[in-house]
Amino acid sequence: MKQPVVKNIFRFFLLILLQVLVLDNVPFHGYIIPYVYVLFILLLPFQTNRSLLLFLAFVTGLVIDAFGNTLGLHAAALVFMAFLRPGVLRFYFPRLEADPNDEPGIAKLGFSGFLRYAFTLILFHQLTLTFLELFSFRHFFNTLYEIGLNAVITTLVVIVLELLFAKRKKRPSRR
């Protein structure tokens, strides 16, 4: 029980620091910012209590908002993403059997499964965040382009991070 908690606390701080110290200060092409902090919610264990999931999303978003002075935008978008997470998992993986501490990562879902899961939730996060920030449908198609580009870039960065830190399945040694 203690190991997953410690692992997730470490992941929380690592992703927050990466987001606020590096990625928020290096926007690509002026407006593309990969939001890697969403990986914390994406990788919480399957059996995470829904109330705890929403609370952790709110706290994570609030921390990002505090550093970015964005008045709850990230908290709202991340809570919405966390709210959708169980439904997205059931939609894409209706017959998935998981232990209580299993995480929905590449090792459990496979590369294409994780890609679908992550991109869907990241897209909803980006839609919410961008439309709350703009609070307008003016320049609708430019906004959709920005949302799509941000979602793709964020998903790529999330996949790279997941590949770097995912547990490798041990292959039997050939002797």
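Computed from the coordinates by the stated procedures, all read-outs in this text should not be read as laboratory data. In this text, all values refer to a predicted model and were calculated from it rather than measured experimentally. Positions of Cβ are backbone-derived with ideal geometry, glycine not excepted, and every protein chain shown enters the neighbour counts.
Sorting 113-124, 83-94 by average packing, meaning the other beta carbons within 10 Å per residue, from highest down gives 113-124, 83-94. Calculate the spin-label point distance for Tyr92 paired with Tyr145, positioning each point 7 Å from the Cα along the beta-carbon direction, and give it in nanometres. Label at Tyr145, label at Tyr92, 2.8 nm between them.
With contributions of -39500 (n - 2.57) from each DSSP H run of at least four residues, the per-residue ellipticity at 222 nm computed over the chain stands at -21500 deg cm²/dmol. Extension gain for Phe55 to Val22 (0.36 nm times residue separation, less C-alpha to C-alpha distance): 9.3 nm. Once the Cα-Cα distance is subtracted from the 0.36 nm per residue extended length, the Phe135 to Asn69 segment shows a gain of 22.1 nm. The packing ranking of peptides 128-139, 54-65, 14-25, highest mean first, is 54-65, 14-25, 128-139, where packing means the average number of other beta carbon atoms within 10 angstrom of each residue.
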